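Structure first, then comments.
The numbers here are math on the coordinates, done by the rules we state, and not lab data. This structure is a prediction, so every number in the text was calculated from the model and none was measured.
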Amino acid sequence: MTSLPESEILINLSTTPHCLGLQVQPSASEERENLKFAFLLNGPLVLSTPLSIHLAHGLAYTVGSALGSIPPSVDTCLTAFVLPNKVQLTAGARAWSKHGHRSLVEAQDDENDSDEAASHRQKGTPGWWGTPSGPVTSINEKASALFWKITNNATGFPTLY
């Protein structure tokens, strides 16, 4: 069983989650459609298996899916994200500072590059995450904006109640 509102479950079962870099199980669409039909006929009683609960939360069904686990709420994630360390850098900002470089995109070397293009290539473009810089408060604010960018556009996060 799940504590999600029925309207949210129907939305989750009607939407195919996008899964970057992961292979979705071949039966995922069929499983989602069958569960949606059963849910419309019988209500929340059909949410009795780990897979049905997983799909009801709008999560992708992949080889590595943690079936039987319920994702944390946005509130729980935010509470963990904003915990400050000794220098007041939040846990989320620390993670961004530590791992953000992974999204840097190196520009292609071109014989006709201008000085500006060559300088840009050496630094790399900021990629999806951007590059944390500035005072701690600024990094925390930018990290918070990234948190909301992700959670507002992600599936699998239960609504704040």
(Q) If you consider only alpha-carbon coordinates, what radius of gyration and Dmax does region 6-56 have, in Å? (A) 10.9, 35
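Over region 6-56, what is the mean sequence separation of C-alpha contacts under 8 Å (at least six apart), divided by residue count, expressed as relative contact order in percent? Mind dumping the intermediate values first?
On the way: 27 pairs, mean separation 23.1, N = 51.
In percent, rounded to a whole number, it is 45.
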Q: Quick one: which residues, 5 or more positions from residue 62 or on another chain, have an amide H under 5 Å from its amide H? H modelled 1.01 Å from N in the peptide plane, none for Pro or chain starts.
A: 25
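Once you sort the root eigenvalues of the Cα gyration tensor of region 1-85 as a ≥ b ≥ c, which label holds: rounded (a/c under 1.5), prolate (a/b larger than b/c) or oblate (the other case)? Intermediate values should be presented prior to the final figure.
Numbers: a/c = 2.27, a/b = 1.42, b/c = 1.60.
Oblate, since a/c reaches 1.5 and b/c is not below a/b.
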